[in-house]
Amino acid sequence: MSDAGSLRIYLGAAPGVGKTFAMLNEGRRRRERGTDVVVGYVETHGRARTAAQVADLPIVARASLEHRGATFEEMDIDAVLARHPGVALVDELAHTNAPGSRNTKRWQDVQELLDAGIDVITTLNIQHLESLNDLVERITGVHQRETVPDQVVRVADQIEIVDMAPEALRRRLAHGNIYAPDKVDAALANYFRPGNLAALRELALLWVADRVDEGLQSYMQLHGIDAVWETRERVVVAITGAPGGEQLIRRAARIASRSKAELLAVHVRADDGLVATDDGTSERLEQCKALVADLDGTWHDLVHDHVAEALTQFAKRQQATQLIIGATRRSRVAELMQGSVVGAVLRNTEIDVHVIVTDEHTRAAARARGIRPRWTARSLTRRRVIAGWAITVLGLVLLTLLLVPLRTSYPLPGDLMAYLLLVVAAASVGGLGPGLTCAAGAAITTNWFFASPLHTLAVANASDVTSLVAFVVVGGVVATLVSIAARRRQEATRARAEATLLAEAAAGLVGDEDAVGSLLRYLCDAFGIDAAAVVRRGEPTGAPTIEAAYGSDPPRDPTTADHVIDLDPATYLAVRGPDLGADDLRVLTTFCAQLADARDRHQLRVDAANAEVLARTDALRTALLRAVSHDLRTPLASIKASVSSLLQSDVAWSATDTDAFLSTIDEETDRLDRLVGNLLDMSRLEAGVLHPSREPVDLDDAVGRALSSLSTHPAQILVDLADGLPAAMADPVLLERVVANVVDNARRHAGRSAITVTGGAIGDRVHLRVVDQGPGLRAADRSRVVEPFQRLGDRATGVGLGLAVATGFMDAMDGAVVLDDTPGGGLTVVLDLPAEPAHSHRTHI
């Protein structure tokens, strides 16, 4: 039995991207290289360029099947097997064969060819994959009846995606290169909408990317490759259930979004002290799960005895490129006893690790340890002072025990040098206190054990007195210098910390809409303050009011605050928290200056917003006056002239003249009525007092009533609504006004060209499309044309409210107005409305 043939699939996001063209191109290349290539089945869909690609390729005649009086042509599987070519070109892998065929599906025919050792090149659209069928239906509203099992596609030797941008595909469709001209408009409005094409394109790219990733994983396992190959960014964030998890997830999501990476959240269930044990852990984990889902990430639960090992193994399995973990909440004793998770992760992984300190962690740790801000720390740590005293006490005892047996061999100056080294060590480690004490103790010990006479405090030799005094002075100077150096270092650290804190606060204010609140948060975090508030003093008989606050139960009254600092004569900062020293208050005063500036900037933004509203109101008022002065006076002038003519008693008007005058009065009155109605409608929209009633509305009736209200000749408008069109959920009166405005707008711009009103249903939405063949509209002008009083340079008559009112009404009815190009030139206005829930209507292309 011959070896199985190879399968190559050209995968596309939608019809028309060029799959069949690419398949035929590949067949021609292989034939030119000497391979025996035949066309088993190709569907050109009447496309001339695709048919030209077949050219001189050998074609296996199709089999004809009779079913219920109709004749169907399918691939002749027996003829292809008998011909046994090197390569068979078989189009449309998902096709369902006609009844009477040996196999139900074409992919089963392809499987027979592969089993016979024939290589097959075929085509497939992403919507025909079985696993994506329901997702594609939700996106497009079209149910795909022909599907292919994913496994059939996954085992293909080669999968090549044929890609095309949505706009390019729509242009190809509009030019008639995909469907016949009579099907173009419906296809553009339904399946080939830009949103549908973009979603299908993303599905195709992601599916192929996953297929490539599977191949990479198999290759790495086959070759024993354990290192991470950063072919695709993946960000893993470790969640413990402790406070601050949501902030950690958001930070990870920002990192992932910047690199277009996947976000994976992992929670390791292990009783090792990492997971918080308070009653709120489960609730916080559920909140974190919901947040991960909202951010398009995935959640993973692991059970493992060792958290660090679980995290590193998970990151390696997922080929993660970055791992984000929160700073440890363990005490130093716990880290010594149980080890550091952060340290273990850093030692056992080769990927980038981010250790994030959250706000909750900072505040909790500060309150638990009772620490002050870093610039108010002591000159030397408590540990160093204790170590200095230990060196003083133990060093004097041990050094004396060492030197006493040798005192006959070394003179007193040698002993003093040994003790001086001990003094330098004690002063360097413990500072002034231990250094001076060590110097004094060493002088007394030396006098007692090494200066003649022994075991007394008397000194026999004058040189020994000089040596002892010099020793005490040198020891004191060394201890003093070490203490001064430590204090200078503390002052430099405090200054650097103050500058860093103020710089962070200032940087956080750039573009911050709530700058005052952000400053209060910085203040509370930096000083360990429980709560702070910016309070406006009340009137002589009124109570103070809080403008901004941070923390729990912020102080409102100066009597309940621990510190009060005036921002200006009308407001002050009230703080409740620990006592603050002079240095703290100095930095706090700088914060207050920034708070005052932030309040001023906020007020300026409020004033600017109010000024913008006033400017917009003034612009609307100016436009309204222009409309009243011109567009209202024009129909009034025509009415006045016609009425005046009819009232002239000295002129004998004929019946034709009289009818013309009356017709003018009727048309101009209708025009004036529509104009005034639009002005009133825009006033209702601007005031926000429009409350539509939504009920099922038959679109045939709505369009008919709207057209009857216009003076346009019926022959100029063609109505073509699909049969069985579901009712739309809308306000009947408002919908009639919308259709009338849109059609009237199309009539004024389309000139003498016909206007077509079509309708269809897509999923749970219904669409009315008003199509004209006029000059069209530039893409840059589409956002302006739906604004009030926009006539785009006064190229058209009217006040410029038709589309603005239509858009406002559609928004109020949960609908939308979409502007699109008409194939061949012109503008198509799509009215998108929800369909009546009781109807289940789908459009198939």
When you scan the range 165-177, do you find a residue that is surrounded by 19 or more Cβ atoms within 10 Å (Cβ to Cβ) and touching a Lys or Arg at 6+ places or on another chain (Cβ under 6 Å), even just one?
no
Report, by residue number, each residue of the range 683-705 that is among the charged types (D, E, K, R) and at pLDDT below 75.
Arg684, Glu686
Against the definition (open to solvent by 60 Å² or more (accessible area, probe 1.4 Å), in contact with a helix residue (DSSP H, G or I) (Cβ under 6 Å, 6 or more places away or on another chain) and not in a loop (DSSP other than H, G, I, E, B)), how does Leu421 come out, yes or no?
no
Only one of Glu112, Glu130, Glu92 is under 30 Å from Gly69 (Cα atoms) and either open to solvent by less than 10 Å² (accessible area, probe 1.4 Å) or under 41 Å from the mean Cα position of the chain (by Cα) (or both). Can you tell me which?
Glu92
Determine, yes or no, whether Leu680 is among the aliphatic types (A, V, I, L, M), assigned to a helix (DSSP H, G or I), open to solvent by 60 Å² or more (accessible area, probe 1.4 Å) and modelled with pLDDT under 70.
yes
Picked from the range 733-775 (must be touching a strand residue (DSSP E or B) at 6+ places or on another chain (Cβ under 7 Å) and small (Gly, Ala, Ser)), the residue modelled with the lowest pLDDT is Ala750
Within the range 454-483, can you find the residues that are open to solvent by 50 Å² or more (accessible area, probe 1.4 Å), touching a helix residue (DSSP H, G or I) at 6+ places or on another chain (Cβ under 9 Å), assigned to a helix (DSSP H, G or I) and farther than 12 Å from Ala443 by Cα?
Ser463, Thr480, Leu481
Restricting the range 400-418 to residues that are farther than 13 Å from Asp464 by Cα and in contact (Cβ under 8 Å) with a residue 24 or more places away in the chain, which is most open to solvent (accessible area, probe 1.4 Å)?
Arg407
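One line per residue, one yes/no per condition, for (1) assigned to a helix (DSSP H, G or I); (2) buried (at least 20 other Cβ atoms within 10 Å of the Cβ); (3) of a type outside the set (Val, Ile, Thr); (4) touching a residue at least 12 places away in the same chain (Cβ under 8 Å):
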site: Leu734; (1), (2), (3), (4): yes, yes, yes, yes
site: Val739; (1), (2), (3), (4): yes, yes, no, yes
site: Val742; (1), (2), (3), (4): yes, yes, no, yes
site: Ser753; (1), (2), (3), (4): no, no, yes, yes
site: Thr756; (1), (2), (3), (4): no, no, no, yes
site: Val766; (1), (2), (3), (4): no, yes, no, yes
Exactly one of Ile77, Ile59 is modelled with pLDDT of 90 or more and open to solvent by 70 Å² or more (accessible area, probe 1.4 Å), and that one is Ile59
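Return the residues of the range 135-164 that are open to solvent by less than 30 Å² (accessible area, probe 1.4 Å) and in a loop (DSSP other than H, G, I, E, B); say none if nothing qualifies.
Answer for the range 135-164, where residues must be open to solvent by less than 30 Å² (accessible area, probe 1.4 Å) and in a loop (DSSP other than H, G, I, E, B): Gly141, Val142, Gln144, Thr147, Ala156.
Residue-by-condition table, conditions (1) crowded, with 17+ Cβ neighbours inside 10 Å; (2) modelled with pLDDT of 80 or more; (3) within 26 Å of Leu132 (Cα to Cα):
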position: Arg201; (1), (2), (3): yes, yes, yes
position: Ala209; (1), (2), (3): no, no, yes
position: Val235; (1), (2), (3): yes, yes, yes
position: Ile239; (1), (2), (3): yes, yes, no
position: Arg254; (1), (2), (3): no, yes, no
position: Thr277; (1), (2), (3): no, no, no
Exactly one of these conditions fails for Leu24: (1) in a helix (DSSP H, G or I); (2) surrounded by 15 or more Cβ atoms within 10 Å (Cβ to Cβ); (3) over 44 Å from the mean Cα position of the chain (by Cα); (4) aliphatic (A, V, I, L, M). Give me its number.
(3)
Restricting attention to the range 27-52, which residues are open to solvent by 30 Å² or more (accessible area, probe 1.4 Å), over 24 Å from Leu129 (Cα atoms) and not hydrophobic (A, V, I, L, M, F, W, C)?
Arg28, Arg29, Arg30, Arg31, Glu32, Arg33, Gly34, Thr35, Asp36, Gly46, Arg47, Arg49
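The values are calculated or read from the model by the stated rules, or taken from the named source; none is laboratory data. Only a predicted model underlies this, so the values are computations on that prediction, with no experimental measurement involved. Neighbour counts run over all protein chains shown; Cβ positions are idealised from the backbone, glycine included. Just the protein is used for accessible areas: all its heavy atoms, side chains included, with ligands, DNA and RNA removed. Shrake-Rupley method; radii C 1.70, N 1.55, O 1.52, S 1.80 Å.
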